[in-house]
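Report on the structure given below.
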Amino acid sequence: MLQETESKSTGIIQALLVGLAFTLIPWIVYGYEVYNDTHLSDYGVLPRSFSHLYGIFTMPFLHADLQHILANTAPLFVLTSFLFYFYRKFFGWVYMYIYLLAGFWTWIIGRPDVHIGASGVVYGLTSYIFFSGAWSKNYRLAAISLLIIFLYGSIIWGIFPTEKTVSWEGHLSGFVAGLVLSFYYRKELPQRKKYEWELVDDTTEYVKVPVEEMENGIIVTRYIYVPKSKVINLEDYEPNRLDGD
């Protein structure tokens, strides 16, 4: 129990550090702009301009002003940390694809203006975490999805062209990227635990198998039901149905 607690604490700390590291990058770029009294906004995404293809890579790191970067800081930190902690297996691939697809699709569908900001990544992470929880049917991941809706559900309006100065195309691109990736990885997500009564059918015969577990320093014997066909040494166990011992 103590080791499990320590392991969870370590995982949380690692997730927070990763979230902090990814959030610091735009701030380093913004600090450079302020210190040198310059603006790098022109290095963002300029849709369908081949001379600005590099904007696909630079877009998330560039922000118009302090208010703009502050608006993206908290969600970027929280969502990156969530992604690393709950979906560590896919973290690298998911983050990279959201990062690239949000920029590339903005380059494809965007208005002929320069698009900057990490909000495309924010929308992608929001979408991925929410829909992954729905696909997995895992109670814990579903709870995280509900938390995401509570925290950032209102941003859904950002994928519509409501303000001329807001890159709704970047938001929409990130959102769709997250949705597509969540569907692509859905079969590899942690699934909801199935209980004994859910595994019963009318034809399968089960055997009662003892399993030893450590609980508070004491070895405790519990019993689980396993399909008879999967037990090697049948003579060691007594066949039984789940509806009776």
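The values are calculated or read from the model by the stated rules, or taken from the named source; none is laboratory data. These figures come from a predicted structure and were not determined experimentally. We place every Cβ from the backbone using ideal geometry, glycine too, and count neighbours over all the protein chains shown.
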Subset of region 32-48 (residues that are out of contact with any Asp or Glu (no Cβ under 9 Å at 6 or more places or on another chain) and either free of Cβ contacts under 8 Å to residues at least 12 places away in the same chain or over 15 Å from residue 103 (Cα atoms) (or both)): 32, 33, 34, 35, 36, 37, 38
Residues that are in contact with a His (Cβ under 8 Å, 6 or more places away or on another chain) and hydroxyl-bearing (Ser, Thr, Tyr), drawn from region 28-42: 30
Residue match in region 43-50 (condition: within 24 Å of residue 92 (Cα to Cα) and surrounded by 12 or more Cβ atoms within 10 Å (Cβ to Cβ)): yes
Test result for residue 143, assigned to a helix (DSSP H, G or I) and touching a Leu at 6+ places or on another chain (Cβ under 7 Å): no
Candidates 119, 132, filtered to the one that is farther than 22 Å from residue 73 by Cα and among the hydroxyl-bearing types (Ser, Thr, Tyr): 132
Of residues in region 105-120 being under 24 Å from the mean Cα position of the chain (by Cα) and aliphatic (A, V, I, L, M), the one surrounded by the fewest Cβ atoms within 10 Å (Cβ to Cβ): 116
Residue selected from region 122-158 under the condition more than 18 Å from residue 169 (Cβ to Cβ) and either polar (S, T, N, Q) or not assigned by TED's automatic domain parsing to the domain that holds residue 90 (or both), by the criterion modelled with the highest pLDDT: 132
